[in-house]
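Here's the structure we're looking at; comments come further down.
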Amino acid sequence: MFSNDLVCNIIEYINNNINKEITIDELSILFYFNKTYIMKKFKKELKISIHEYINIMRIYNSLPYFKDDNYILSIAFKNGFNSLEYFSEIFKKNMGVSPKVYKKYSNYKNITDEEQEKILNNLSRIINIKTSVLNYLNHRKPVVSNYVKKFELK
């Protein structure tokens, strides 16, 4: 079974523009589909909403910055978040700990066993989502150019 082209196009657009503001209205205009249809199709195919996917990818992309960047606000802005509060809320929702606790973890400082377990479990979940989305993209129907079609045997 092939992946849905619309969903693949949306994933690719999101991945290429992950640090910019992305709205459902924008996706609707870009891909010429009703926004309700886009949201339902994405959720049906991937089992997560577009907003969840965007936030998960932004959090995933932010993780390497915690080793070198001393300012969590800077990390938030570099990864497409417009405020520290929203970044912290989404980070905690997806990683199970605050950005401040993760900063300690990424710099090999002491955190509780419970915090470490939350981080590892949530990181595993995020990696599984990222992997399933990549697998979804890999099942896209191959594009056959008009040139090749022209010379097919009939």
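The values are calculated or read from the model by the stated rules, or taken from the named source; none is laboratory data. Keep in mind that this is a model prediction, so the values were computed, not measured. Glycine gets a Cβ as well: all are built from the backbone with ideal geometry, and neighbour counts include every protein chain shown.
Name every residue in the range 48-90 that is surrounded by fewer than 17 Cβ atoms within 10 Å (Cβ to Cβ), touching a residue at least 24 places away in the same chain (Cβ under 8 Å) and not in a helix (DSSP H, G or I), in order of residue number.
48, 82
Would you confirm, using the coordinates I've provided, whether residue 78 is within 30 Å of residue 5 (Cβ to Cβ), of a type in the set (Lys, Arg) and out of contact with any Cys (no Cβ under 9 Å at 6 or more places or on another chain)?
Details: within 30 Å of residue 5 (Cβ to Cβ): no; of a type in the set (Lys, Arg): yes; out of contact with any Cys (no Cβ under 9 Å at 6 or more places or on another chain): yes.
Spelling it out, it is not the case that residue 78 is within 30 Å of residue 5 (Cβ to Cβ), of a type in the set (Lys, Arg) and out of contact with any Cys (no Cβ under 9 Å at 6 or more places or on another chain).
Which condition number does residue 7 fail, the rest of (1) free of Cβ contacts under 8 Å to residues at least 40 places away in the same chain; (2) out of contact with any Ser or Thr (no Cβ under 8 Å at 6 or more places or on another chain) being met?
(1)
Only one of 148, 97, 143 is at pLDDT below 90, aliphatic (A, V, I, L, M) and part of a loop (DSSP other than H, G, I, E, B). Can you tell me which? Give the steps one after another, and end with the answer.
Working: 148 fails: part of a loop (DSSP other than H, G, I, E, B); 97 fails: at pLDDT below 90.
Among 148, 97, 143, only 143 is at pLDDT below 90, aliphatic (A, V, I, L, M) and part of a loop (DSSP other than H, G, I, E, B).
Here is a list: 123, 134. Which entry is in contact (Cβ under 8 Å) with a residue 12 or more places away in the chain and either touching a Pro at 6+ places or on another chain (Cβ under 7 Å) or of a type in the set (A, V, I, L, M, F, W, C) (or both)?
None of the others qualify; the one that does is 123.
Please count how many residues of the range 10-26 are in contact (Cβ under 8 Å) with a residue 60 or more places away in the chain and surrounded by 13 or more Cβ atoms within 10 Å (Cβ to Cβ).
Quick first cut of the range 10-26, residues in contact (Cβ under 8 Å) with a residue 60 or more places away in the chain only: 11-12, 18-21.
With surrounded by 13 or more Cβ atoms within 10 Å (Cβ to Cβ) added as a condition, the list becomes 11, 18-19.
Number of matching residues: 3.
Could you list, ordered by first residue, the pairs with Cβ atoms under 8 Å in which the first is in the range 95-108 and of a type in the set (D, E, K, R) and the second is buried (at least 19 other Cβ atoms within 10 Å of the Cβ), at least 6 apart or interchain?
Correct list of pairs: 100/72; 103/72.
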